Each structure stands twice: as C-alpha cells, then as structure tokens.
Amino acid sequence: MTPNPNDPSRGTRRIAYLVPGPMHRTELGAAEVERRQDKLRGWAFPGTEVEVRAVDRGPASIESMYEEYLSIPAMAELLVATEADGFDAAIVGCFGDPGLDGLREISDMLVVGPASASIALATTLGHRFSFVTVTASIVPALRRLAWEAGAADALASVRYIETSVLDVNKDHGAALGRMLEQGRLAVEHDGADVLVLGCMSMGFLDVAEQMTEALGVPVVNPSQAGLHVAESTVALGLTHSRRAYMTPPKIAAGAKLGELFLGGDGTRP
C-alpha cells in the first residue's frame with residue numbers, strides 16, 4: 001500500500017531549505033529568511049518540519065552561471081552539516097539548482113532541486129511550458145535546465161521581467177505586474193499552456209494561484225513544488241540513485257569534504 005504523506009503515524013519529516021547565498025547579510029536581512037521559513041511551514045503537509053538555513057558566504061543573489069558556481073562550495077559544507085543534524089531531505093534554495101549533481105554525490109540524504117521538480121510537474125500538466133524569470137542573464141541557464149531534464153522540446157519560451165532578484169522582494173506589486181505581462185505573452189504569443197516561475201524569490205511572492213486565475217493556465221510555484229516533491233519522496237522512502245550520483249572516490253575512501261581541495265602550493269588549505 002502506498003504510504004500516506006499526511007499520515008501522522010509516520011512521524012515527523014525534517015526538511016531543510018538551504019539558501020546558497022548569505023541572504024541575512026544582504027539588505028533583505030534576516031527578516032526575509034524568517035519570512036520564507038514561515039511561508040514554507042505554512043505550505044508544508046502535516047507532520048513536516050521545515051527549517052531555512054543560509055550559507056555564511058557567497059553571492060548576495062544568483063543571476064548568472066558564475067554566481068551559481070561561486071555558491072556551490074559553501075552549499076556543500078552546509079549540506080553535510082545539515083545531514084549530520086538528522087534531516088530527511090534538503091532543498092537547494094535557488095531555481096538554477098546550483099551544484100545539484102555534486103551535492104547528491106556527497107549526501108545520502110535526499111537533495112531536491114526546485115527547477116527539476118518544477119519542470120517534471122509542468123510536463124505532466126500540459127504540452128508546452130514557459131519560464132517566467134527575472135533577468136535576461138538567466139535565460140541561457142534555464143534553457144539548459146530544460147535540456148538536461150529532457151524537456152527541451154516542451155519548452156515554449158523563456159520570458160523575463162528584467163528585475164533583479166533583490167528588487168523582486170522590494171516591490172511585490174510591481175514584480176507581479178511584470179510577471180503577468182510576460183506570462184500573458186508566453187501564453188498568447190509563444191504557445192505555452194503551463195508557466196513555471198523561474199526564480200525562488202518569485203515563488204515566495206506566493207502569487208502563482210493568482211496568476212493561474214488571471215492567465216487561465218497552471219502556474220507552477222517552484223518554492224512549493226520543491227517542498228512537496230521533497231515531502232512526497234521522503235514519504236515514499238526514496239532518495240536519489242547512487243548509481244546516477246556516485247560518492248566521490250576520495251570520500252568513499254575516508255577523506256573529508258575539505259580534503260578534496262588542495263592549495264596552490266600543493267598543500268591542503
């Protein structure tokens with residue numbers, strides 16, 4: 001019989017949402033971290049505990065592939081610490097899924113990427129989907145995510161509102177207006193029958209239901225999709241495949257995460 005993720009007899013699921021940048025050190029501050037945690041806890045199924053954790057160093061926001069790569073080492077350290085604290089799953093708190101494959105290699109705990117979760121959901125809800133994201137600089141990365149997920153043929157377009165990640169959080173009303181405008185173009189001009197919000201800050205605006213009603217197509221909130229995929233996968237007793245994401249040989253032989261990186265002079269940092 002399929003386990004019921006809402007069955008309280010299954011005990012508590014502990015899920016960590018890991019922010020790959022020091023959001024608490026930006027102008028948004030710790031209040032935004034707390035707000036996102038409150039949102040996730042409100043969305044979670046009964047029996048799920050959610051905690052938001054942010055790295056202590058890294059890019060203030062991620063709006064390029066280079067910033068994605070900058071975020072990965074600190075995220076790896078935070079992931080290892082989170083697994084040691086007994087969590088059941090971790091969500092990569094950036095829509096680009098930065099480092100998802102590498103993070104899965106170093107963890108036996110389930111690691112969920114919100115982009116891959118959202119793309120999978122979008123392809124079950126319609127025939128063609130479009131991303132609505134923040135800036136033009138992210139467009140190539142989102143096209144690549146769709147290709148990596150095997151969904152390139154289903155991608156109708158990538159639309160963007162040309163608003164930075166940090167500014168999305170400053171003026172929710174203005175951001176929503178631009179998202180509706182670009183979403184309507186994706187539907188009416190690009191042929192999309194499903195939309196995916198291509199930024200976690202957009203997800204935490206909590207406007208997907210409003211957009212769905214206004215535009216007449218399903219709008220996937222990646223913040224919720226990542227959370228509920230993590231919950232459901234844990235409830236099913238599954239995690240990522242170790243044949244697909246093999247433990248790095250040095251770690252399998254007993255090395256610590258920090259021992260995989262040598263300094264420029266050949267010594268360990």
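The values are calculated or read from the model by the stated rules, or taken from the named source; none is laboratory data. Quantities reported herein were computed from a predicted structural model and do not represent experimental measurements. All Cβ positions, glycine included, derive from the backbone under ideal geometry; neighbour counts span all protein chains shown. For the accessible areas, the whole protein counts, side chains as well, though only heavy atoms, and no ligand, DNA or RNA atoms are used. Shrake-Rupley method; radii C 1.70, N 1.55, O 1.52, S 1.80 Å.
Hey, in the GNM for the chain with a 10 angstrom Cα cutoff, which one of Leu257, Leu100, Leu121 fluctuates hardest? Among Leu257, Leu100, Leu121, the largest GNM mean-square fluctuation belongs to Leu257. The charge dipole of the chain, taken about the Cα centre with unit charges on the Cβ atoms of Lys, Arg (+1) and Asp, Glu (-1), comes to about 440 debye, rounded to the nearest 20.
Using only Cα atoms and rounding to the nearest 10 degrees, what angle (0 to 90) does helix 139-148 make with the longest principal axis of the chain? With rounding to tens, the tilt is 70 degrees. Sorting Tyr245, Tyr17, Tyr160, Tyr69 on solvent-accessible area from highest to lowest, probe radius 1.4 Å, gives Tyr69, Tyr160, Tyr245, Tyr17. According to the Kirkwood relation over distinct C-alpha pairs, the hydrodynamic radius of the range 43-91 is 12.4 Å. Which label belongs to the value computed from this structure, given these candidates for semi-axes √(5λ) of the Cα gyration tensor in Å: [x] 37, 20, 16; [y] 26, 20, 18; [z] 29, 22, 19? Matching the structure shown: [z].
Give, in nm to one decimal, the length gained when the segment between Ser232 and Ala174 is fully stretched (0.36 nm per residue of separation minus the Cα-Cα distance).
Working: separation 58, 0.36 × 58 = 20.88 nm, distance 3.38 nm.
Extra length available between Ser232 and Ala174 comes to 17.5 nm.
Relative to the longest principal axis of the Cα atoms of the chain, the long axis of helix 172-188 lies at roughly 70 degrees.
Treat every Asp and Glu Cβ in the range 166-230 as -1 and every Lys and Arg Cβ as +1, leave all other atoms uncharged, and give the resulting dipole magnitude about the Cα centre to the nearest 20 debye.
On the way: 3 positive and 9 negative charges, 30 e Å.
That gives the range 166-230 a dipole magnitude of about 140 debye.
For Lys256, list the aspartates and glutamates whose Cα falls under 18 Å from its own Cα; do not include residues on the same chain fewer than 8 positions away. Result set, ordered by chain and number: Glu77, Glu83, Asp85, Glu105, Asp108. Over the range 115-221, the hull volume per residue, using the convex hull of the C-alpha atoms, is 81 Å³.
Please list, by residue number, every one of the GluC sites (Glu not before Pro) in the range 14-45 that is coil in DSSP and has at most 10 other beta-carbon atoms within 10 Å.
Numbers: sites: Glu27, Glu32, Glu34; in loops: Glu27.
Of the GluC sites (Glu not before Pro), the ones in loops of the range 14-45 whose Cβ has at most 10 other Cβ atoms within 10 Å are Glu27.
Under 5 Å from the amide H of Ala192 lie the amide H atoms of Val187, each residue being 5 or more positions distant or on a separate chain, with H modelled from the backbone and absent for Pro and chain starts. Between Ala252 and Asp38, the contour length at 0.36 nm per residue exceeds the alpha carbon distance by 73.3 nm. Sorting Asp167, Asp38, Asp193 by accessible area puts them as Asp38, Asp167, Asp193; the probe is 1.4 Å, largest comes first, and only protein heavy atoms count. The C-alpha atoms of the chain define a longest principal axis, and helix 114-125 lies at about 40 degrees to it.
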